[in-house]
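To start, the structure under review is shown below, and the notes come after it.
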Amino acid sequence: MSPRTRQGGAMPKMKITAPDIAAAKGQRKLVVITAYDAGQAAIAEAAGADILLVGDSLGMVVLGYEDTVSVTMEQMLHHAGAVARGARRALVLADMPFLSYQADRNSAVTNAGRMLKEARAQAVKVEGGREIVPQIRAIVQAGIPVMGHLGLTPQHVAALGGYKVQARTAQAAAMLLEDAQALADAGCFAMVLECVPSPVAELVTRSVPIPTIGIGAGPDCDGQVLVFHDLLGLYGDFKPKFVKRYADLGGMAKDALGRFAEDVRSGTFPAKENSFDMAPDELDKLLGDTQAS
């Protein structure tokens, strides 16, 4: 960040960077919250988030898709840009959408670069293991920080046969561990572990030199992430086992909007205190002019 102060204000607190996140391993737990617009970014950051993840989960909780596969690069750029404009200190991490990085190294670097250059994110996240190591290395070599994502990878839901807990057998867990080590060797500064048994996540966390961020992966990861809408009760009745709801804002919003609808229909809103008045002489003049015409 430029050392100059923001126009009209004091120097902001220093931005959290990818190296800061990497250095937190073994020192402190990391807090990651998804955000999809500037307002959510400001709220999550004020609550203490270290990382604001602009997740492709926006396809489901914001855009109404059945899964994350339909999310486009342009949609991710749009929402990542909004979050970046609302953030001041937290690291802004953008998901790379389906098929924006899997095909080849050149497209992976180009699309990851757009996340930084156009949306002003500070890092990107990709899903997969050893099969995408060449793309990860290329993105990192281009100067773009990369976070990995293993376990349940929602962009691969068709191949996985649904949203299922992964690495439940010793063989599958060993493969996940090899993938985790490959991602660390490729230059990832951290990785998400989603929906894997707690003992497996604990083993991976002990085995790799970079932070692990858990979601449905037990308490031993170096940090935890939840979707903004899930932890605030804003996404209907959907509640996976790994989610803890800290509020029922959806229910509160429904009640508030219902009372607004009742007030409109009964004529009690807007009341006098919600309306603007006019100077009596101006009103008399208006009425006089109207009658004369």
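Key figures
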| read-out | value |
| --- | --- |
| Pairwise FRET efficiency - Asp281 versus Tyr246, Cβ, R0 = 45 Å, nearest 0.05 | 0.25 |
| Phi to ³J(HN,Hα) by Karplus 6.51 cos²θ - 1.76 cosθ + 1.60 over segment 142-159, Hz, x for Gly, Pro | 7, x, 10, x, 10, 9, x, 8, 10, x, 6, 10, x, 5, 9, 4, 5, 6 |
| Partner aspartates and glutamates for Lys15 [C-alpha distance under 17 Å; skip if fewer than 8 residues away on the same chain] | Glu45, Asp50 |
| Other-chain or far-sequence residues with amide H under 5 Å of Leu226's (modelled H) | Val32, Thr34 |
| 5 angstrom amide H check on Leu152, placed H, neighbours 5+ away | Gln166, Glu194, Cys195 |
| Under the Karplus curve 6.51 cos²θ - 1.76 cosθ + 1.60, θ = phi - 60°, whole-Hz ³J(HN,Hα) for segment 79-84, x wherever Gly or Pro sits | 6, 4, x, 5, 5, 4 |
| The chain, dipole about Cα centre (Lys/Arg Cβ +1, Asp/Glu Cβ -1), debye to the nearest 20 | 1060 |
| Partner lysines for Lys239 [C-alpha distance under 22 Å; skip if fewer than 8 residues away on the same chain] | Lys164, Lys254 |
| In Hz, Karplus ³J(HN,Hα) per residue of segment 48-63 (6.51, -1.76, 1.60; θ = phi - 60°; x = Gly, Pro) | x, 5, 7, 10, 9, 8, 7, x, 6, 4, 4, x, 8, 8, 10, 9 |
| Amide H contacts of Val54 (H built 1.01 Å from N, under 5 Å, at least 5 apart or other chain) | Ala35, Leu93, Ala94, Asp95 |
| 20 Å Cα-Cα reach of Lys285 towards aspartates and glutamates, excluding residues that sit fewer than 8 places from it in its own chain | Asp277 |
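Any read-out appearing in this document is the output of simple, stated calculations on the displayed coordinates, not a laboratory observation. Everything quoted here is computed from the prediction, not taken from an experiment. No Cβ is skipped: glycine too gets one built from the backbone with ideal geometry, and neighbour counts run over all protein chains shown.
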